[in-house]
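Structure record follows, encoded as structure tokens.
The values are calculated or read from the model by the stated rules, or taken from the named source; none is laboratory data. All figures in this text were calculated on a predicted structure; none of them were measured in a lab. So basically every Cβ, Gly included, is an ideal-geometry build from the backbone, and we count neighbours across all protein chains shown.
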Amino acid sequence: MDFAKLTELIERGIPFNQVLGIRVEELREGYVKLRVPFRPELLGDTRRPALHGGVISSLVDVCGGFAVWTCCRLEDRLATIDLGVDYLRPAPDRDLLAEATVRLLGNRVGNAQVIVWAAGEPDKHVAVGRCVYNIRRGK
């Protein structure tokens, strides 16, 4: 796997990731750590303030999918089969980080576990996710 090309794809190749501002913190086979920089537009509850749950679930999906992709080839394609997110506490108005670890990799299906936390509080998880992806092998 060409991790530089995968990083480029994550940060600049997918328009939705650009909207969220997703940045790669770490990338290696079976593991991805991503960051979403805080912006007021990402708030879901301005009274707390707390980030929108959709930002969290999107980060879980992107992080889990690319963790699985690190174990594949760049020409392979992934599609989400199932995504489960447990929201544990509100995400404060700070950068959001997520790390995903591949738990199972088959020929056509990959599974990843994701944890999410706010910058400066790595032991206070705001969400955990379980992700399953269909792998379509490229030629």
Quick count over region 98-115, residues being over 13 Å from Asp82 (Cα atoms) and either at pLDDT below 95 or not β-branched (Val, Ile, Thr) (or both), is 9
Flagged in region 84-100 as in a strand (DSSP E or B) and surrounded by 17 or more Cβ atoms within 10 Å (Cβ to Cβ), in numbering order, are Val85, Leu96, Leu97, Ala98, Glu99, Ala100
The one condition Arg103 fails out of (1) assigned to a strand (DSSP E or B); (2) in contact (Cβ under 8 Å) with a residue 24 or more places away in the chain; (3) closer than 23 Å to Arg28 by Cα is (2)
Per the filter on region 1-30, residues free of Cβ contacts under 8 Å to residues at least 24 places away in the same chain and either of a type in the set (Ser, Thr, Tyr) or in contact with a Phe, Trp or Tyr (Cβ under 6 Å, 6 or more places away or on another chain) (or both) are Thr7
Filtering region 106-132 down to residues that are more than 15 Å from Val32 (Cα to Cα) and in contact with a helix residue (DSSP H, G or I) (Cβ under 7 Å, 6 or more places away or on another chain) yields Val126, Ala127
Residue hits (region 31-55; within 15 Å of the chain's Cα centre (by Cα), in contact (Cβ under 8 Å) with a residue 40 or more places away in the chain and surrounded by fewer than 15 Cβ atoms within 10 Å (Cβ to Cβ)) are Pro37
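Can you confirm whether region 59-72 contains a residue that is of a type in the set (Gly, Ala, Ser), modelled with pLDDT of 95 or more and surrounded by fewer than 19 Cβ atoms within 10 Å (Cβ to Cβ)? It would help to see each step written out before you state the result.
Residues of region 59-72 that are of a type in the set (Gly, Ala, Ser), as a first pass: 64-65, 67.
Now narrow it down to the ones that are modelled with pLDDT of 95 or more: 64-65, 67.
After this cut, where a residue has to be surrounded by fewer than 19 Cβ atoms within 10 Å (Cβ to Cβ) as well, the list is none.
Checked against the condition, which is being of a type in the set (Gly, Ala, Ser), modelled with pLDDT of 95 or more and surrounded by fewer than 19 Cβ atoms within 10 Å (Cβ to Cβ), region 59-72 yields no hits at all.
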